[in-house]
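Colleague: Below is one structure. I have some questions about it.
The values are calculated or read from the model by the stated rules, or taken from the named source; none is laboratory data. What you see is a predicted model, and the numbers here were worked out from it, not measured in a lab. Quick reminder, even Gly has a Cβ in these numbers, built from the backbone with ideal geometry, and neighbours come from all protein chains shown. These area figures cover heavy atoms from the full protein model, side chains too; ligands, DNA and RNA do not enter into them. Shrake-Rupley method; radii C 1.70, N 1.55, O 1.52, S 1.80 Å.
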Amino acid sequence: MSVSVGTGVAVGRPTTRQIYRVAVASIVGSVIEQYDFLVTGIIAATVWGGIFFKMQALGAAAAAISVYGIGIIIRPVGAYIFGNIADRSGRKNALVYALVLMGVSTLLIGLTPTYDKIGILAPILLIIFRLMQGISFGAEFGTAATWVVEQAAHSKYRAFWGAWVGFAIPLGLLLGFTSVIFVKSLMSEAAFNAWGWRIFFYIGFVVAIVGLIIRLRTEESFVFERHSAKAAVLDHPARRVWREMPLRILRTSLVNAMFGGAFFLCFVFGTSYMRAVGFTALQAESIGLIAAASMLVFMIIGAFLADYINRRAILMASAIVFLVFAIPYFYMINTGNFALAVVAEVIGFGFVFGFGYGAIPTFYTENFPTRYRASGASAGYQVSQAYGGGLIPILAGLILRAVGIHHAFIYIGLMVMVYALAAIVAILLTPETKGVDLEGVSEPQRA
């Protein structure tokens, strides 16, 4: 399958309009990823346990959350495969191929029969399709961020343009929460659990088709076109970046692992916890909707400040707030007061995630040179998803089964605080990248 990388080697620097076109194209797949991240998290925690696993209630919920987690743990495989494609054949090409796999796997999850219909084959198929989906998602963030940040390489608002990939997170969450609330309002809980949940995966498939059309009509980043025109493309970029910059991959991954913890703590586990302490499903989803909206606002502010101040200061602010607020978040939820729960979610997730993600896309892309930028950015980002966003749900599932939901929050809160501390250390050890030359003339000083 061959996909054109554009209209030829770029002449001169891209205009604002050309940067905007790539920013829009880069955001599409990431919106679907975040939409699925939320919807799958909610459905795994509330529906899948009862229809795909023949176990007692808490055990089934833990198994379903674990299936959700393995779709994240597999992402580094996708990062390696598609990062290699992106650094050899173009950022656009890799994202087109990934979006095809994403659409197909999302549709197949929606079509998977239940345990009552096909027995043990049901959870096996669910796991396979979730792994396929995870591999496709492994391509998205790092490569999409590389695509748009390279296109905006000479803009004084580089962090802002890079944050468009981050904007996909609140936009995807808003789409997910709105869809869940709307669909649930149209049917009974029994109907939703029986078949209504599948609608979200069909929506994801349709949006993937739209995104594919948009990406096919968009040009390649001018930095990569100049790079490839010089015959500077490596034979095995994904392998080379692991061999030459393993410490840089580790440091950058530690920063994002904290955000994976924040997502699980406040959205996946947080939603279930709200239900356990007495909030209705509609209230919990409405709180999440408000937090997602606030996240978009904080992300825009964080992006502009990352351009005005620097990347590290923004990331450090998010890490410190998360470290301090991880446990108090649950005490505010425990009050059963809707307003306090909203404040908890806005601080614990809206600010922590949103403000930090104003700098994350440029942080990742600026830390790696052009020759393997997509591979490096994808590796650092997705490895963090494996031991952050993916491992945390699995460990949380074990904690849930051991102590029950009313006591689990203390242990889970302490666990994610460790991730926050690791992120703070990594930020301190990583050089500032604001102003680094993305065409390869200069790089951050420490490997």
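Colleague: Kindly check whether there is at least one residue in the stretch 200-220 that is among the basic types (Lys, Arg), closer than 20 Å to Ala377 by Cβ and buried (at least 18 other Cβ atoms within 10 Å of the Cβ).
Modeller: The answer is yes, given that some residue of the stretch 200-220 is among the basic types (Lys, Arg), closer than 20 Å to Ala377 by Cβ and buried (at least 18 other Cβ atoms within 10 Å of the Cβ).
Colleague: Still on this structure, please answer the following. Which numbered condition trips up Ala159, out of (1) open to solvent by less than 20 Å² (accessible area, probe 1.4 Å); (2) without any contact (Cβ under 8 Å) to a residue 60 or more places away in the chain?
Modeller: Condition (2) is where Ala159 drops out.
Colleague: Report every pair of residues separated by at least 6 positions or lying on different chains whose Cβ atoms are under 9 Å apart, first residue within the stretch 176-203 and touching a residue at least 60 places away in the same chain (Cβ under 8 Å) and under 24 Å from Ser105 (Cα atoms), second surrounded by fewer than 13 Cβ atoms within 10 Å (Cβ to Cβ) and polar (S, T, N, Q).
Modeller: none
Colleague: Anything in the stretch 113-148 that is over 17 Å from the mean Cα position of the chain (by Cα) and in contact (Cβ under 8 Å) with a residue 24 or more places away in the chain? List them, or say none.
Modeller: Within the stretch 113-148, Thr114, Tyr115, Asp116, Ala122, Pro123, Leu126, Ile127, Phe129 meet the criteria.
Colleague: State the number of residues belonging to the stretch 253-270 that are open to solvent by less than 10 Å² (accessible area, probe 1.4 Å) and at pLDDT 85 or above.
Modeller: Counting residues in the stretch 253-270 that are open to solvent by less than 10 Å² (accessible area, probe 1.4 Å) and at pLDDT 85 or above gives 6.
Colleague: Sticking with this one: Considering only the stretch 184-199, state which residues are open to solvent by 70 Å² or more (accessible area, probe 1.4 Å), closer than 15 Å to Leu282 by Cα and aliphatic (A, V, I, L, M).
Modeller: Passing the criteria: only Leu186.
Colleague: Any idea how many residues of the stretch 411-421 are open to solvent by 70 Å² or more (accessible area, probe 1.4 Å) and β-branched (Val, Ile, Thr)?
Modeller: 1
Colleague: Continuing with this model, one more query. Using the structure shown, decide if Ala238 is part of a helix (DSSP H, G or I) and within 30 Å of Phe53 (Cβ to Cβ).
Modeller: no
Colleague: Also, I was wondering about something else. Please indicate, with yes or no, whether at least one residue in the stretch 303-317 is open to solvent by 30 Å² or more (accessible area, probe 1.4 Å) and of a type in the set (Lys, Arg).
Modeller: Checked against the condition, which is being open to solvent by 30 Å² or more (accessible area, probe 1.4 Å) and of a type in the set (Lys, Arg), the stretch 303-317 yields at least one hit.
Colleague: When you go through (1) more than 27 Å from Ile392 (Cα to Cα); (2) open to solvent by less than 10 Å² (accessible area, probe 1.4 Å); (3) aliphatic (A, V, I, L, M) one by one for Ile287, which number turns out not to apply?
Modeller: Exception for Ile287: condition (1).
Colleague: Still on this structure: Give me a count of the residues in the stretch 363-390 that are under 15 Å from the mean Cα position of the chain (by Cα) and more than 16 Å from Ala423 (Cα to Cα).
Modeller: Final tally of qualifying residues: 4.
Colleague: Check every one of the helices (runs of 4 or more DSSP H) wholly within the stretch 113-194 and list those with 1 or more residues that are small (Gly, Ala, Ser).
Modeller: 121-151, 158-185, 189-194
Colleague: Answer yes if at least one residue in the stretch 231-252 is surrounded by fewer than 24 Cβ atoms within 10 Å (Cβ to Cβ) and among the polar types (S, T, N, Q), and no otherwise.
Modeller: Scanning the stretch 231-252 turns up no residue that is surrounded by fewer than 24 Cβ atoms within 10 Å (Cβ to Cβ) and among the polar types (S, T, N, Q).
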